[in-house]
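Notes follow the structure.
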Amino acid sequence: MNQVHGNKSHRERVTQATKTVQANQNERAAYRLRYHLMAPSGWMNDPNGLIYFNGQYHAFYQHYPYGETWGPMHWGHGISDDLIHWHHLPVALAPGEAYDRDGCFSGSAVDDQGTLTLIYTGHNVIDPEKDVIVQNQNIARSRDGIHFYKANANPVIHQQPAGMGQDFRDPKVWRENGVWFMVVGATKHDQGQVLLYESANLEEWTYRGVLAQNDGGNEGYMWECPDFFKLGDKYVLLASPQGVEPEGDRYLNHHQTVYMVGDYVNGQFIRSSFTELDYGHDFYAVQTLLDGKGRRIAIGWMDMWESPKPSQKHGWAGAMTLPRELVLTEEGKIAMKPIEELTLLRQQSTPIGPLHVKHVHPILSSGNLVELEAQFALVDSDASAFGIRFCCAADGSEETVLRFDLLKHTVTLDRSRSGEGPGGARTVSIKSAATIDVRLFIDRSSVEVFINDGETVITSRIYPQETSTGMTVFAEGGSIVMPTCTVHKLKSIWSE
Ligand code: FRU
């Protein structure tokens, strides 16, 4: 379908986009998630403009309303009272102005004295053959939190500083001591950078310098979607670098999302780490918000560029992850804890433990909206490995496996027999501990594993058959003790 709208006004383009996604909405489409935020139909990628505003949570996202593939980017919009139950709102931004002709790319939202204001990148393709683009930064305001007006002052930042590469996008804005600050992703001599700007009024911006950059290591050529904030007594920079090369079990996705912990001194971020935030196949372009309870909450795009997406055959692609609360651990790492509101999804809870598992113990036969809460007591166990098989077909033809190897101190999520889709396994080292707690969320075509209160998180998409709903716990080379094991059947947040 053609998305070029010639002389239509922004209001008309937004209305047309909204009508199209509503007309194509099909909550029964194959693989569609039941308790995650997604576009009503069509394509979505990065979370944008996450904000707690006037007592409600707003989540915007990169969205192509006219098809299930990436196209000229719009901003979709959802709203929630509790970060769990979402309602779709009309499309917020459509591209087509002289400065955002080919897309309203990723960005953020702020509360400017009661006005919900979006800050986003205008994307302009100058020469598609030679891949020449121009990217600039823009703002759009809303009186009612639903309809957005692009500012006459756009673009509020016309171009990147002299000498930089052409990629210049994904502004994240916050307010500190009465001043607006912006971090934005950039590249110089093929090294990823994050630039820092400041402003008194969101319309005139002053460049303050490079906040952080790839110092010449394996840290990527372009840092997309930066986010910068204080956490505990440290500062944290999140970024989604393109071009990080695989190193053993690390950096195996097409692009990675990383965190850096450090100190913020005179506009410079002095960092000591560069670490993957999530170890699954499908986690990218994360963004955070600070909510009314003082929590720093992160939501990522639960997919990966270039990965096959079997849901596209059914008219949609892309989902957000569950919201996770970021916590700085004593070792200076970041844990992502499932937010406490997720218990609102529980419909029916069945305690199954305590268990003493020798080989295999069945724990579930039906249902694919499930949370498993399980504890494994390693001190009382003599197994060399143990784990959970889930989304298993009755005939054995499909399964997804989470396996803890106690000899290697690793955990692996293996989706090579998960059904349709790209397959592959991800492995990550885990600390030795007396117990291992697992919270596993399954939502039809997604898996989110939180280990030991979010110290290690693995997020992946899988595409099993609707009937592949078996779940078992297994032990190898001995037995494993499970002091507790509870299966929660979860409810859908979307009406069918
Ligand atoms: C990250 C990203 C952003 C860009 C957007 C375009 O996934 O590439 O850098 O703004 O997606 O949709």
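Could you grab me the full set of residues in segment 204-227 that are over 15 Å from Thr275 (Cα atoms), more than 16 Å from the ligand (Cβ to nearest atom) and not in a loop (DSSP other than H, G, I, E, B)?
Those that are over 15 Å from Thr275 (Cα atoms), more than 16 Å from the ligand (Cβ to nearest atom) and not in a loop (DSSP other than H, G, I, E, B): Trp205, Thr206, Tyr207, Arg208, Gly209, Val210, Leu211.
Taking segment 117-145, which residues are within 22 Å of the chain's Cα centre (by Cα) and more than 16 Å from the ligand (Cβ to nearest atom)?
Once the filter is applied, which keeps residues that are within 22 Å of the chain's Cα centre (by Cα) and more than 16 Å from the ligand (Cβ to nearest atom), segment 117-145 yields only Thr117.
Conditions first: (1) surrounded by 20 or more Cβ atoms within 10 Å (Cβ to Cβ); (2) within 20 Å of the chain's Cα centre (by Cα). Asp100 passes all but one, so which condition is the exception?
All conditions pass for Asp100, except number (2).
Only one of Leu83, Leu33 is more than 16 Å from the ligand (Cβ to nearest atom), closer than 25 Å to Lys313 by Cα, under 17 Å from the mean Cα position of the chain (by Cα) and not in a strand (DSSP E or B); which?
Every option except Leu33 fails the conditions.
Among Asp112, Asp144, which is charged (D, E, K, R) and in contact (Cβ under 8 Å) with a residue 60 or more places away in the chain?
Criteria check complete, one pass: Asp112.
Please specify each residue of segment 348-365 satisfying the condition of being in a strand (DSSP E or B) and among the β-branched types (Val, Ile, Thr). Quick ask: steps written out before the conclusion?
First pass over segment 348-365, keeping only residues in a strand (DSSP E or B): 348-351, 355-357, 360-364.
If the condition is that a residue be in a strand (DSSP E or B) and among the β-branched types (Val, Ile, Thr), then Thr350, Val357, Val360, Ile363 are the ones that fit.
Step by step: first the residues of segment 413-444, then only those that are out of contact with any Gly (no Cβ under 8 Å at 6 or more places or on another chain) and polar (S, T, N, Q), then the one that is surrounded by the most Cβ atoms within 10 Å (Cβ to Cβ). Which residue is that?
Ser418
Of everything in segment 283-339, what is more than 20 Å from Glu224 (Cα to Cα), in contact with a Lys or Arg (Cβ under 8 Å, 6 or more places away or on another chain) and surrounded by fewer than 22 Cβ atoms within 10 Å (Cβ to Cβ)? Give them in sequence order.
Within segment 283-339, Leu290, His314, Glu325, Val327, Leu328, Gly332, Lys337, Pro338, Ile339 qualify.
Residue by residue through segment 45-63, note down the ones that are assigned to a strand (DSSP E or B), away from the ligand (no atom under 16 Å from the Cβ) and not polar (S, T, N, Q).
Ile51, Tyr52, Phe53, Tyr57, His58
With the structure loaded, tell me whether Val91 is in contact with a strand residue (DSSP E or B) (Cβ under 6 Å, 6 or more places away or on another chain) and either closer than 20 Å to Trp301 by Cβ or more than 16 Å from the ligand (Cβ to nearest atom) (or both) or whether it fails that test. Can you show your working first?
Details: in contact with a strand residue (DSSP E or B) (Cβ under 6 Å, 6 or more places away or on another chain): yes; either closer than 20 Å to Trp301 by Cβ or more than 16 Å from the ligand (Cβ to nearest atom) (or both): yes.
Here the answer is yes, as Val91 does meet what is asked.
Do any strands (runs of 3 or more DSSP E) entirely within segment 275-334 hold 2 or more residues that are under 18 Å from Asp170 (Cα atoms) and modelled with pLDDT of 95 or more, and if so, which?
Once the strands (runs of 3 or more DSSP E) in segment 275-334 are filtered for at least 2 residues that are under 18 Å from Asp170 (Cα atoms) and modelled with pLDDT of 95 or more, what remains is 284-290, 296-301.
Yes or no, residue by residue, for (1) touching a residue at least 24 places away in the same chain (Cβ under 8 Å); (2) of a type in the set (Asp, Glu); (3) touching a Pro at 6+ places or on another chain (Cβ under 7 Å):
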| site | (1), (2), (3) |
| --- | --- |
| Gly163 | yes, no, no |
| Asp167 | yes, yes, no |
| Trp180 | yes, no, no |
| Val184 | yes, no, yes |
| Leu211 | yes, no, no |
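Taking interchain pairs and intrachain pairs at least six residues apart, which have beta carbon atoms under 6 angstrom, with the first residue in segment 69-85 and among the hydroxyl-bearing types (Ser, Thr, Tyr) and the second within 16 Å of the ligand (Cβ to nearest atom) and outside any loop (DSSP other than H, G, I, E, B)?
Close Cβ pairs satisfying both conditions: Thr69/Trp43.
Any residue at all in segment 444-454 that is free of Cβ contacts under 8 Å to residues at least 60 places away in the same chain and at negative phi?
Yes, there is a match, as at least one residue in segment 444-454 is free of Cβ contacts under 8 Å to residues at least 60 places away in the same chain and at negative phi.
Filter segment 164-203 for residues that are acidic (Asp, Glu) and in a strand (DSSP E or B); which is nearest to Gln135 (Cα to Cα)?
Applying the filter and picking the extreme gives Asp170.
Need the failing condition index for Asn266 against (1) touching a Ser or Thr at 6+ places or on another chain (Cβ under 6 Å); (2) without any contact (Cβ under 8 Å) to a residue 24 or more places away in the chain, just the number.
Only one criterion in (1) touching a Ser or Thr at 6+ places or on another chain (Cβ under 6 Å); (2) without any contact (Cβ under 8 Å) to a residue 24 or more places away in the chain is unmet by Asn266, namely (1).
The values are calculated or read from the model by the stated rules, or taken from the named source; none is laboratory data. Bear in mind the structure is a predicted one, so any value in this text is a computation, not a measurement. Every residue, glycine among them, receives a Cβ derived from its backbone with ideal geometry; neighbour counts consider all protein chains shown.
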